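Notes follow once the structure below has been shown.
The values are calculated or read from the model by the stated rules, or taken from the named source; none is laboratory data. In this text the structure is predicted, and so the values were computed from the model without any measurement. Backbone-built Cβ (ideal geometry, glycine too); neighbour counts: all protein chains shown.
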Amino acid sequence: MASQAPYVQASPVRCFYHPGYFFPLPDEHPFPMDKFRRAEAMIRAAAPQGVEILPVEPCPEDDLRRVHSADYLEKIRTNTLDALESFKLGLPCGEELLTRARLEVAGTLAAMHAALAEGFACNLAGGTHHAFPGRGEGYCVLNDVAIAVRHLQSTQPEQRIAIIDTDAHQGNANHAIFAQDERVFTYSIHVGKNYPSQKVPGSLDVPLPRYVAGAEYLDQLKATLAPAMETFDPSLVFWIAGADPHVNDRFGQMCLQDADFLRRDQHVLDVLKKRRWPTVLLYGGGYNRDREHTARLHADSVLRGAGAARSWWKVKRGRRQKNGTGKAKAYENGKS
């Protein structure tokens, strides 16, 4: 049985961010790349005392190769994907895109170590659950969660890790990567007949009908998440929240209203609170035509998580060290 985090009340929750999470795309591109800086500004303005936003540096390529093939990484770097691979990924490749993805992975690695030390942390990006070892899909270049899990397992193989995915789309790559790993539990609640067309069985899939209303979504979430988590009893949780279940999302094919997001987040947080499992919160997808609204949905999930976590866990800052720039040394290179 996994042990509870011994925390009762927290100092500011660590959130990791880099301006390089933004990558320039044509105005007509459906991926709202500016949501990262918009949401970061909202979080910074709304909770100056409740969160601490820290920078990251690109993670070492050795970490990338824990999950991704050298051939795939080189194709991204040199923009040599074939036409079908490029279409499935949906982003223009090159060194700049790879650097942006490495920053995103670094944020998740840093948040993972912070969560293990302090109970709860966020990457103000991440949740790229369609990135397979040898290919990217659905705007997902590198699989940040899978890389973080493999990084942790390299030194702490006994860790039991749960991935809670409430994004509107099945986390197919995470399911595939961890299909044979009994130390990792993958939970995904998503539209059953939507992207990705080819689903990969996970530990627990909760497929829902297209255009599901908030009430039915929440009923299914409440019926399935807590029993699964209690049975698996993880020592670490990655929560890919997702903003794309919103009724106005162009790709999600769900009909959740803003109030349903509040109830969704509250339920997930209540499940986590019961056993105080260390948790990393990640954005996941979000493609609302109102890009400000997409950013707001992401920011609200972070603010709810940070607010709730500060009442569950006491952050042990005695382990923290800073260098002259104020960056937490323990997290610079994904080190605990």
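Observations on the model:
- Search result, residues across the stretch 54-93 that are within 23 Å of residue 195 (Cα to Cα), not aliphatic (A, V, I, L, M) and not in a helix (DSSP H, G or I): 68, 82, 90, 92, 93
- Test: residue in the stretch 224-242 that is under 19 Å from the mean Cα position of the chain (by Cα), in contact (Cβ under 8 Å) with a residue 24 or more places away in the chain, buried (at least 23 other Cβ atoms within 10 Å of the Cβ) and farther than 20 Å from residue 175 by Cβ: no
- In the stretch 133-252, counting only helices (runs of 4 or more DSSP H) that sit wholly within it, the ones holding 1 or more residues that are closer than 27 Å to residue 33 by Cβ, modelled with pLDDT of 95 or more and out of contact with any strand residue (DSSP E or B) (no Cβ under 9 Å at 6 or more places or on another chain) span 144-155.
- Pick from the stretch 26-64, criterion surrounded by 15 or more Cβ atoms within 10 Å (Cβ to Cβ) and free of Cβ contacts under 8 Å to residues at least 40 places away in the same chain, ranking: nearest to residue 133 (Cα to Cα): 33
- Of the residues making up the stretch 256-289, those that are surrounded by fewer than 19 Cβ atoms within 10 Å (Cβ to Cβ), more than 18 Å from residue 43 (Cβ to Cβ) and either modelled with pLDDT under 95 or of a type in the set (A, V, I, L, M, F, W, C) (or both) are 259, 273, 274, 275, 276, 289.
- Taking the criterion of being within 24 Å of residue 90 (Cβ to Cβ), of a type in the set (Phe, Trp, Tyr) and touching a helix residue (DSSP H, G or I) at 6+ places or on another chain (Cβ under 6 Å), the only residue of the stretch 261-316 that qualifies is 283.
- So residue 324, is it farther than 24 Å from residue 163 by Cα, in a helix (DSSP H, G or I) and at pLDDT below 75: no
- If you check 267, 246, 190 for being more than 20 Å from residue 162 (Cα to Cα) and either within 18 Å of the chain's Cα centre (by Cα) or among the basic types (Lys, Arg) (or both), only one passes: 246.
- Within the stretch 119-132, the set of residues being farther than 27 Å from residue 310 by Cα and in a strand (DSSP E or B) comprises just one member, 132.
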